[in-house]
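All remarks here apply to the structure that follows.
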Amino acid sequence: MPPLRDAIAGQVLRLVGRKSGDTPFLESTADAGFFGPDSVCWRVHGDFTAMMIGGVAALLLQMLHPRALAGVWDHSDFRHDMTGRLRRTARFIAGTTYGSADEATALIAHVQAIHDRVQGAMPDGTPYSANDPELLTWIHVAEVSSFLAAYLRYKDPRLPPADQDRYFAETALVAEKLGATQVPKSRAAVEAYLREVRPDLGYDQRTREVARALLDQRAASPAIAPFMKLIFQAAQDLLPPWAAQMHGFRAAPVSRPALRAAARSLGGVLRWALKNSVEVRARRRAAELGLRPATEPSAHAQA
């Protein structure tokens, strides 16, 4: 069985592993990062299946904002590099969650430098900038709400409501360091934010093209093609009903139980295979070196 486990882990590494030029993390012995092993985000971000499903759902949600869509349309090779975008997002989340404070800060600075170049005008002439604090808040909320929704559906539906609130409070720290403002820090605040922002969202031909580029992309290898298809289907199913309706996704209700059962089975296989995941390595490192977080998440949660 180890060869099969190694083969699966190798395919995952091929999808999200470190590439030349990537900002490194888990190489510092200074501290356990912004959050540490006792945080909720270490648990949520440690489940690869939930993060992949949530990550695709987040991209589908993010592109409904016209200014976010404009940035993707004007400044990315979305037709040929959607897998690269998923990989870069996965590494940013992993690095800011599990890396040391210095490593996380370096990743944030790298993203801010990219954002400095992402600006322009929408088709109606309205200017946009990736550094817009309101847009950064939208991107963040779309991400973390999707990650948590996937974790609750595919890993631990019994995660206590208080821990769900802690998750939003913890992850708000990274959004604020990127420049986001008025970041919601609880389930109720996230739900209220999504209700408030919905009138600003839209769907048009460009949204359709970007969504198709995401969902129709070729898998990195034939071996993982069926699993990627399942992840894409589960991501569409994960969207809030109003967002799925905007995209025109109409999964038959009778197919949902089978889809969700298949995604849960995939999660079990991947948890078995990924015995040396970034979360596992981060926990081992923190335990061996006696590392504590550089900041106190509970203090941030009360802010």
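Residue check, residue 218 against (1) more than 30 Å from residue 66 (Cα to Cα); (2) outside any helix (DSSP H, G or I), all met but one. Which one?
Exception for residue 218: condition (1).
For region 176-215, enumerate the residues that are part of a loop (DSSP other than H, G, I, E, B) and in contact (Cβ under 8 Å) with a residue 12 or more places away in the chain.
Residues satisfying the conditions are 179, 180, 181, 182, 183, 184, 185, 186, 201, 202, 203.
State yes or no: is residue 219 aliphatic (A, V, I, L, M), at pLDDT below 95 and surrounded by fewer than 13 Cβ atoms within 10 Å (Cβ to Cβ)? Full working, then the answer.
Details: aliphatic (A, V, I, L, M): yes; at pLDDT below 95: yes; surrounded by fewer than 13 Cβ atoms within 10 Å (Cβ to Cβ): no.
Criteria not met by residue 219.
Taking the criterion of being among the hydrophobic types (A, V, I, L, M, F, W, C), surrounded by fewer than 17 Cβ atoms within 10 Å (Cβ to Cβ), at negative phi and touching a Pro at 6+ places or on another chain (Cβ under 8 Å), would at least one residue in region 107-117 satisfy it?
No, every residue in region 107-117 fails to be among the hydrophobic types (A, V, I, L, M, F, W, C), surrounded by fewer than 17 Cβ atoms within 10 Å (Cβ to Cβ), at negative phi and touching a Pro at 6+ places or on another chain (Cβ under 8 Å).
Within region 11-32, can one find any residue that is at pLDDT 95 or above and surrounded by 19 or more Cβ atoms within 10 Å (Cβ to Cβ)? Walk me through it before giving the result.
Keep residues of region 11-32 that are at pLDDT 95 or above, which gives 31-32.
Of the ones still in play, those that are also surrounded by 19 or more Cβ atoms within 10 Å (Cβ to Cβ) are 31-32.
There is at least one residue in region 11-32 that is at pLDDT 95 or above and surrounded by 19 or more Cβ atoms within 10 Å (Cβ to Cβ).
Please verify whether region 167-182 includes one or more residues that are surrounded by fewer than 17 Cβ atoms within 10 Å (Cβ to Cβ), polar (S, T, N, Q) and in contact with a helix residue (DSSP H, G or I) (Cβ under 7 Å, 6 or more places away or on another chain).
yes
Checking residue 103 against (1) more than 21 Å from residue 286 (Cβ to Cβ); (2) acidic (Asp, Glu); (3) touching a residue at least 24 places away in the same chain (Cβ under 8 Å), which test does it fail?
(1)
With in a helix (DSSP H, G or I) and touching a Gly at 6+ places or on another chain (Cβ under 8 Å) as the only criterion, which of 225, 150 stands out?
Criteria check complete, one pass: 150.
Can you pull out every residue in region 144-163 that is in contact (Cβ under 8 Å) with a residue 24 or more places away in the chain, under 21 Å from residue 195 (Cβ atoms) and surrounded by fewer than 22 Cβ atoms within 10 Å (Cβ to Cβ)?
149, 161 - these are the residues of region 144-163 that are in contact (Cβ under 8 Å) with a residue 24 or more places away in the chain, under 21 Å from residue 195 (Cβ atoms) and surrounded by fewer than 22 Cβ atoms within 10 Å (Cβ to Cβ).
Can you say whether residue 207 is hydroxyl-bearing (Ser, Thr, Tyr), under 22 Å from residue 149 (Cβ atoms) and touching a helix residue (DSSP H, G or I) at 6+ places or on another chain (Cβ under 7 Å), as far as the supplied structure shows? Full working, then the answer.
Values: hydroxyl-bearing (Ser, Thr, Tyr): yes; under 22 Å from residue 149 (Cβ atoms): yes; touching a helix residue (DSSP H, G or I) at 6+ places or on another chain (Cβ under 7 Å): yes.
So residue 207 fits the description; yes.
Is one or more of the residues making up region 236-253 surrounded by fewer than 19 Cβ atoms within 10 Å (Cβ to Cβ), outside any loop (DSSP other than H, G, I, E, B) and of a type in the set (Lys, Arg)?
Within region 236-253 (the criterion being surrounded by fewer than 19 Cβ atoms within 10 Å (Cβ to Cβ), outside any loop (DSSP other than H, G, I, E, B) and of a type in the set (Lys, Arg)), the answer is no, since none of the residues qualifies.
The values are calculated or read from the model by the stated rules, or taken from the named source; none is laboratory data. This structure is a prediction, so every number in the text was calculated from the model and none was measured. When we count neighbours, we look across all protein chains shown, and the Cβ atoms used for this are built from the backbone with ideal geometry, even at glycine.
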